[in-house]
Amino acid sequence: MDIVRISATGAGVNYFPEFVARELGFFADEGLDVKVEVLGNGPGVPRDVGSGAADVGLGGIWLPMLYRGRLHTFMPFAQLCNRLAAVLLARKPAARSFRWADLSGKIVVAPGGAPNFWMVLASTLRRAGVDPFSVRFVADFMAEEAVNLFRGGFGDFFIGMPPVSDVFIRDGVASQVADFAELGEIPWSIFYAKPEFLNRPDNVGGRFAKAIQRALLWTLAHDPGEAPGVLKKQFPT
């Protein structure tokens, strides 16, 4: 077995196909023993990949784009998510259908540590004819703190993913007004590596991508309930 070390920014349910590839043996079928360490947002993942402490990084495509020609050359070679699986929540119920212009002059809170939410929101606002800088976008707080602050009354809108968004709706903290997944396909979460890893003669990068592709096809064709152990192992509670 060839060991592949992944350094990841997260391990949310939107990474389900990666769990499938590992737990259903798709990586093993390619002769790969994949080990994952979740470091969260920040410099940890690119530092690990750049230094050789990890073979592959998992996170937003914005990072290899910004690093190229500056710090390291990271090559995206497999895509895991092609949509933003987040929703926009409003603290106060709307009297009419939501419009993106409703964000002007308001505070939008999002878990911090990365510019990805802002990049999508800003481009969406521009397409809707809204000045992004008319919105006070707060991404200074990491996930737990951002959640606690919004629950405590800070901010008018919140960008969140399940299960946080589901809990806010269930508890009556906020209601959903927009689904970012409906914006269409975007290059969201990807696997990236240094060229020397991808150019290895044993094609380890290609075999890894093949296992991910197989897992993506399995995910599209099956209900997650058909492999209950996959989610249970990742989220035991």
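The values are calculated or read from the model by the stated rules, or taken from the named source; none is laboratory data. For clarity, every value in this text was computed on a predicted model and none was experimentally measured. All Cβ positions, even for glycine, are placed from backbone atoms using ideal geometry, and neighbour counts span all protein chains on display.
How many residues does segment 200-231 contain that are small (Gly, Ala, Ser) and either buried (at least 17 other Cβ atoms within 10 Å of the Cβ) or not in a helix (DSSP H, G or I) (or both)?
Of segment 200-231, the ones small (Gly, Ala, Ser) are 205-206, 209, 211, 215, 221, 225, 227, 229.
Pick out the ones that are also either buried (at least 17 other Cβ atoms within 10 Å of the Cβ) or not in a helix (DSSP H, G or I) (or both) and you get 205, 209, 211, 215, 227.
The number of residues fulfilling the criteria is 5.
Select, from 182, 196, the only residue that is surrounded by fewer than 18 Cβ atoms within 10 Å (Cβ to Cβ) and farther than 30 Å from residue 103 by Cβ. Walk me through how you get there before you give the answer.
On the way: 182 fails: farther than 30 Å from residue 103 by Cβ.
Result: 196 is the single residue among 182, 196 that is surrounded by fewer than 18 Cβ atoms within 10 Å (Cβ to Cβ) and farther than 30 Å from residue 103 by Cβ.
Looking at this structure, is residue 71 assigned to a loop (DSSP other than H, G, I, E, B) and in contact with a helix residue (DSSP H, G or I) (Cβ under 6 Å, 6 or more places away or on another chain)? Spelling it out, it is not the case that residue 71 is assigned to a loop (DSSP other than H, G, I, E, B) and in contact with a helix residue (DSSP H, G or I) (Cβ under 6 Å, 6 or more places away or on another chain).
From the list 140, 156, 166, exactly one residue is modelled with pLDDT of 95 or more and not assigned by TED's automatic domain parsing to the domain that holds residue 59. Which is it? Give the steps one after another, and end with the answer.
Working: 140 fails: modelled with pLDDT of 95 or more; 166 fails: modelled with pLDDT of 95 or more.
Being modelled with pLDDT of 95 or more and not assigned by TED's automatic domain parsing to the domain that holds residue 59 holds for just one of 140, 156, 166, which is 156.
On the basis of being of a type outside the set (Lys, Arg), part of a loop (DSSP other than H, G, I, E, B), at pLDDT 85 or above and in the same structural domain as residue 129 (by TED's automatic domain parsing), does residue 112 make the cut? Spell out the reasoning first.
Working: of a type outside the set (Lys, Arg): yes; part of a loop (DSSP other than H, G, I, E, B): yes; at pLDDT 85 or above: no; in the same structural domain as residue 129 (by TED's automatic domain parsing): yes.
In short, no.
Number of residues in segment 74-102 that are of a type outside the set (D, E, K, R), in a loop (DSSP other than H, G, I, E, B) and in contact (Cβ under 8 Å) with a residue 40 or more places away in the chain equals 10.
With respect to residue 117, is the statement that it is crowded, with 18+ Cβ neighbours inside 10 Å, in the same structural domain as residue 163 (by TED's automatic domain parsing) and within 30 Å of residue 218 (Cα to Cα) true? Even if it seems obvious, please write down each step before you answer.
Working: crowded, with 18+ Cβ neighbours inside 10 Å: yes; in the same structural domain as residue 163 (by TED's automatic domain parsing): yes; within 30 Å of residue 218 (Cα to Cα): yes.
When the stated conditions are applied, residue 117 passes them.
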